Amino acid sequence: MANKKTLLMVVNVDWFLISHRLCIAKGAVKEGWRVIIVAKDTGRAQEIRDEGIEFINIPLTRSGTKPVKELMVFLKLFRLYKEIQPTIIHQITLKPIIYGSIITRFLKIKAVVNAISGLGFNFTNNKKGWVPKIMKWLLRVGFSHMKSDVIFQNKEDYIELKEASIVKSHHKIHVIKGSGINLTDFEYFPEISKKKTVILFAARMLWNKGIKELKQVTDLLKATHEGKILVVLCGIIDNDSKDAVPIEYLKKWEHEGYVTWLGHQENMAAIYKECDIVVFPSYREGMPKTLLEACAIGRPIVTTNANGCRDCVEEGENGYIVAVKSVKELKHAILKLVDSPELRTKMGIYGRKKAEREFNEQDVIKKHLEIYNSLGKG
């Protein structure tokens, strides 16, 4: 017999849940749900348990393609779903969605929420290899589950899956702009006066985040702006990703007083407060949290006209949007902000207001709880 009001959230790794969905899980606990997280424990599972949330470790990988290992993971998930029989299953990121949706078809699980947090590396640049083809076929199979809600972070991802005949008329579609921002933790903070203009890139060190293009810009500006700007790279090397930037590349890029790589930082609000401009030249996103955080703190943004990224910026109001992979446009937009502290201040204030209107974490939690409660009644 199914547990009463049990929410099972399935995601690749614990740190992604903590960064992007923990606030939702905590909100569900407050509403009386029993919440169970299924993910790979990379050492942070206890942080989840400390919030009164159950945690089950399963060795999910984001890019693993070894058939035997993947079959073992699939079977473990199958046994878990069958044993727990939750009221709602919330599947987050592509692999849990693919495996979980196929399992829920067989087990006839009552209600499913699939959250597309961006279509990821295999969909970037419309890749045509066998992996994207298999992924799309498996998504079609899994998404035939009759009673499922699908959450997208941007409309473009929804359109792409609809055109691929993955999302169909029997799905209930929600577009929720990311996981939101805690506007108290990330409060507005005016720019600090200092000798150098600090340009922040905050994300995992992946090629598809625009690392190569940003390096080219710093190379071009070195002769004229060394001593005037400081480029700060903040984020981990994601060795689980095929798109990871080698540590040697980052070390070679670093130049004292001009480019520095901080690695992972726990207190990101403090990092944003020290910067003047946030740059994020990504190729494709769901809804990048770094840009939501930049808005909330009150920092102008330079980003690309890519899925998800453009949803965070109103051109000329809280930042600039440039073409994907355009080093020339990226450089020009950065320089406009470097040269005008007054413009940075104006854009930062507008960005904060945008965060309050569109990216409030409490609104995101409320929308998710409405989805859970609606499906739980069926």
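The values are calculated or read from the model by the stated rules, or taken from the named source; none is laboratory data. Since the structure is predicted, the reported quantities are computational estimates derived from the model, not experimental observations. Every residue, glycine as well, gets a Cβ built from its backbone with ideal geometry; the counts of neighbours run over all protein chains shown. When the accessible area is computed, the model is the full protein with side chains, heavy atoms only, and any ligands, DNA or RNA have been set aside. Shrake-Rupley method; radii C 1.70, N 1.55, O 1.52, S 1.80 Å.
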Label D363 and E248 with points 7 Å out from Cα along Cα→Cβ: what is the distance between them in nm?
4.7 nm
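With all distinct Cα pairs included, what does the Kirkwood hydrodynamic radius of the range 229-378 come out to in Å, to one decimal, could you say?
Result for the range 229-378, one decimal place: 16.9 Å.
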Considering only protein heavy atoms, what per residue accessible area in square angstrom results for the range 297-378 with a 1.4 angstrom probe?
44 Å²
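Taking the Cα centre of the range 152-292 as origin, work out the dipole magnitude from +1 charges on Lys and Arg Cβ and -1 charges on Asp and Glu Cβ, in debye rounded to 20. Walk me through the numbers before you get to the answer.
Values: 20 positive and 20 negative charges, 44 e Å.
Its charge dipole is roughly 220 debye.
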Of the options Q85, I103, T61, report the single residue whose Cα projects farthest towards the positive end of the charge dipole of the range 61-106 (beta-carbon charges: Lys, Arg +1; Asp, Glu -1).
T61
So what J values fall out for the range 185-197 if you push phi through Karplus, 6.51 cos²θ - 1.76 cosθ + 1.60 with θ = phi - 60°, rounded to Hz, Gly and Pro as x?
5, 10, 7, 4, 9, x, 4, 8, 6, 7, 5, 10, 7
Using a 1.4 Å probe over the heavy atoms of the protein chains, calculate the carbon and sulfur portion of the accessible area of the range 271-347 as a whole percent.
47 percent
Note: probe point = Cα of S326 + 7 Å toward Cβ; backbone nitrogen < 14 Å; residues of the range 268-306 passing the test are 281-282, 302-306
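Where does the range 187-231 land on the Kirkwood hydrodynamic radius, alpha-carbon pairs, in angstrom?
Working: mean 1/r = 0.0815 Å⁻¹.
With all distinct Cα pairs of the range 187-231 included, I get 12.3 Å.
How much length is gained on full extension from N239 to D219, taking 0.36 nm per residue of separation minus their Cα-Cα distance? Working shown, then result.
Working: separation 20, 0.36 × 20 = 7.20 nm, distance 2.57 nm.
This chain segment gains 4.6 nm when fully extended.
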Rg/Rh of the chain (Cα atoms, Kirkwood Rh), to two decimals, equals 0.98
Taking only DSSP H segments of four or more residues, each worth -39500 (n - 2.57), what value at 222 nm results for the chain once the sum is divided by all its residues, to the nearest 500 deg cm²/dmol?
-13000 deg cm²/dmol
Violations at 21 Å Cα threshold for listed pairs K82/K108; K66/K133; K162/K354; K215/K336; K133/K242; K66/K289 -> K162/K354; K66/K289
Can you list residues whose amide H is under 5 Å from V38's amide H, if they're 5+ apart or on another chain and H is modeled 1.01 Å from N?
M9, V10, V11, I56
What percent antiparallel are the DSSP beta bridges of the chain, to the nearest 5?
5 percent
Please work out the average accessible area per residue across the range 166-237, using the 1.4 Å probe convention, and give it in Å².
45 Å²
Please list, ordered by chain and number, the residues whose modelled amide H lies under 5 Å from the amide H of T197; skip anything fewer than 5 residues away on the same chain.
I229, L230
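If DNA, RNA and ligands are ignored and the probe is 1.4 Å, what is the ranking of I173, I18 by accessible area, most exposed first?
Values: I173 55, I18 35 Å².
If we order I173, I18 from most to least accessible, we get I173, I18.
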